[in-house]
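Scroll down for the structure; my scribbles are underneath it.
The values are calculated or read from the model by the stated rules, or taken from the named source; none is laboratory data. The structure displayed is predicted, hence computed values, not measured ones. Ideal geometry is used to build each Cβ from the backbone, glycine not excepted, and the neighbour counts take in all protein chains shown. Note: areas computed on protein heavy atoms with side chains; ligands, DNA, RNA excluded. Shrake-Rupley method; radii C 1.70, N 1.55, O 1.52, S 1.80 Å.
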Amino acid sequence: MPRAIWSGSISFGLVNIPVKLYSAVSRKNVRFNILDAETGTRVKQKRVNPDTGEDVPYDRQIKGYELGEGRYVTVSDEELASLDPVAGRTIDLQEFVLQSEIDPVFYDSAYYLAPDPVAKKAYALLVHAMEEADRVGVARFVMRTKQYLAAMRVRDGKLMLSTMVYADEVNAAEDIDGLEDIDDVELTDAELAMAEQLIDSLAQPFEPDKYEDNYRNQVLDLIDRKAAGEEIVVTAEGPAPEKVVDLMAALEASVAAAKEARKRHPSGAAAKTKSRSTKKPAKKVAAKKAAKKPAAKKAPAKKAS
């Protein structure tokens with residue numbers, strides 16, 4: 001069971017709701033130690049002076065910010081501590097915004113907010129009010145001497161807090177090589193239609209449970225087999241895929257493959273039957289499309305003389 005990593009209260013207006021913060025994600029990376037291949041003992045890292053090769057004891061290690069070309073400004077722990085934000089115990093809600101206004105690139109780590117037993121009613125009230133307003137709270141709070149910007153939102157009837165990166169930490173697209181002239185690329189109607197057909201053929205509701213970390217599973221399986229004494233034979237890598245030159249041919253082949261895969265899927269037949277039963281008559285579809293067209297502007301009425 002996850003343990004609380006922070007406790008405090010949600011604060012907005014004159015309302016305070018005592019809560020505890022729990023990590024919403026448990027990373028499952030496979031971690032390795034570095035061993036000596038000859039003796040099998042674990043290798044430990046040391047901090048050494050590259051000029052002398054000698055170990056630098058802890059009491060001689062200080063922080064330095066590189067200005068360039070080997071020039072540093074040294075900063076003491078006491079100087080940094082004097083700049084630490086005031087260690088408060090509140091998640092201060094600054095404002096409420098639409099969730100669609102926050103680009104996912106700003107989200108960082110996710111946490112659950114669980115209420116203190118005496119604050120469950122206030123917690124539930126805030127959850128329902130935010131759901132009805134369809135808003136996300138933008139907040140600031142301090143945890144472990146660091147101030148965070150965060151977004152508090154409702155997920156499955158519970159409050160979730162996501163720490164956020166700041167605007168100046170997001171790399172601008174125009175600074176990325178290869179993206180500077182994307183807007184100038186010319187596309188034909190046929191290519192767009194085929195690409196849209198491919199997307200439509202692969203359209204499915206998002207079900208996170210059907211996605212697994214295949215690499216991690218393979219690594220753990222390899223470890224189990226080696227621990228059981230199995231001898232592992234490493235096979236050579238397969239040939240690199242050929243570069244596709246004909247974009248339309250690639251799109252058509254992809255659409256055909258996607259349709260064939262959907263036929264083999266257990267839910268494919270049911271989905272096909274459902275789509276047929278829910279398909280609207282051609283006239284109604286045409287009428288609906290026509291209704292979406294903006295009405296012609298009427299000439300202003302003449303004033304009576």
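Take K20 and decide whether it is surrounded by 11 or more Cβ atoms within 10 Å (Cβ to Cβ) and either under 29 Å from L80 (Cβ atoms) or among the β-branched types (V, I, T) (or both). Lay out the reasoning, then the answer.
Numbers: surrounded by 11 or more Cβ atoms within 10 Å (Cβ to Cβ): yes; either under 29 Å from L80 (Cβ atoms) or among the β-branched types (V, I, T) (or both): yes.
Here the answer is yes, as K20 does meet what is asked.
Can you tell me which residue within the stretch 50-74, out of those that are in a strand (DSSP E or B) and exposed (fewer than 10 other Cβ atoms within 10 Å of the Cβ), is farthest from the chain's Cα centre (by Cα)? It would help to see each step written out before you state the result.
Taking the stretch 50-74 first, the residues in a strand (DSSP E or B) are 55, 63-68, 71-74.
When the remaining residues are screened for being exposed (fewer than 10 other Cβ atoms within 10 Å of the Cβ), the result is 65-68, 71, 73-74.
Values: Y65: 31, E66: 32, L67: 33, G68: 34, R71: 37, V73: 35, T74: 36 Å.
Among those residues, the one meeting the criterion is R71.
Identify all residues within the stretch 164-215 that are modelled with pLDDT under 90, surrounded by 11 or more Cβ atoms within 10 Å (Cβ to Cβ) and under 19 Å from the mean Cα position of the chain (by Cα); write none if there are none.
Listed by number, the list holds a single entry, D213.
From the list A139, A114, which one is open to solvent by less than 20 Å² (accessible area, probe 1.4 Å) and either outside any strand (DSSP E or B) or under 24 Å from Y22 (Cβ atoms) (or both)?
Details: A114 fails: open to solvent by less than 20 Å² (accessible area, probe 1.4 Å).
Going through A139, A114 in turn, just one is open to solvent by less than 20 Å² (accessible area, probe 1.4 Å) and either outside any strand (DSSP E or B) or under 24 Å from Y22 (Cβ atoms) (or both): A139.
On the basis of being open to solvent by 30 Å² or more (accessible area, probe 1.4 Å), without any contact (Cβ under 8 Å) to a residue 60 or more places away in the chain, acidic (D, E) and not in a loop (DSSP other than H, G, I, E, B), does D108 make the cut?
Spelling it out, D108 is indeed open to solvent by 30 Å² or more (accessible area, probe 1.4 Å), without any contact (Cβ under 8 Å) to a residue 60 or more places away in the chain, acidic (D, E) and not in a loop (DSSP other than H, G, I, E, B).
Name every residue in the stretch 30-49 that is part of a loop (DSSP other than H, G, I, E, B), of a type in the set (D, E, K, R) and either touching a strand residue (DSSP E or B) at 6+ places or on another chain (Cβ under 7 Å) or surrounded by 10 or more Cβ atoms within 10 Å (Cβ to Cβ) (or both), in order of residue number. Give the steps one after another, and end with the answer.
Taking the stretch 30-49 as the starting set, the residues that turn out to be part of a loop (DSSP other than H, G, I, E, B) are 30-34, 36-41, 43-47, 49.
Right, trim to of a type in the set (D, E, K, R) and you get 31, 36, 38, 44, 46-47.
Result: K46, R47.
For the structure I just gave you, tell me whether L125 is over 24 Å from S23 (Cα atoms), out of contact with any Phe, Trp or Tyr (no Cβ under 9 Å at 6 or more places or on another chain) and not β-branched (V, I, T).
On the way: over 24 Å from S23 (Cα atoms): no; out of contact with any Phe, Trp or Tyr (no Cβ under 9 Å at 6 or more places or on another chain): yes; not β-branched (V, I, T): yes.
Taking the combined requirement at face value, the residue does not satisfy it.
Restricting to the stretch 117-132, name every residue that is open to solvent by 60 Å² or more (accessible area, probe 1.4 Å) and in contact (Cβ under 8 Å) with a residue 12 or more places away in the chain. Working first, answer last.
The first filter runs over the stretch 117-132 and keeps only residues open to solvent by 60 Å² or more (accessible area, probe 1.4 Å), leaving 117-118, 120-121, 125, 128, 131-132.
Residues satisfying the conditions are V118, E131.
Here is a check on your reading of the model: is L198 outside any helix (DSSP H, G or I) and on the phi < 0 side of the Ramachandran plot?
Details: outside any helix (DSSP H, G or I): no; on the phi < 0 side of the Ramachandran plot: yes.
No, not satisfied.
Restricting to the stretch 223-244, and then to whatever is assigned to a loop (DSSP other than H, G, I, E, B) and at pLDDT 85 or above, can you tell me which residue is least open to solvent (accessible area, probe 1.4 Å)?
Filtering the stretch 223-244 for residues assigned to a loop (DSSP other than H, G, I, E, B) gives 228-244.
Among the residues that remain, those that are also at pLDDT 85 or above are: 228-231.
Values: A228: 89, G229: 64, E230: 89, E231: 156 Å².
Looking at residues that are assigned to a loop (DSSP other than H, G, I, E, B) and at pLDDT 85 or above, I get G229.
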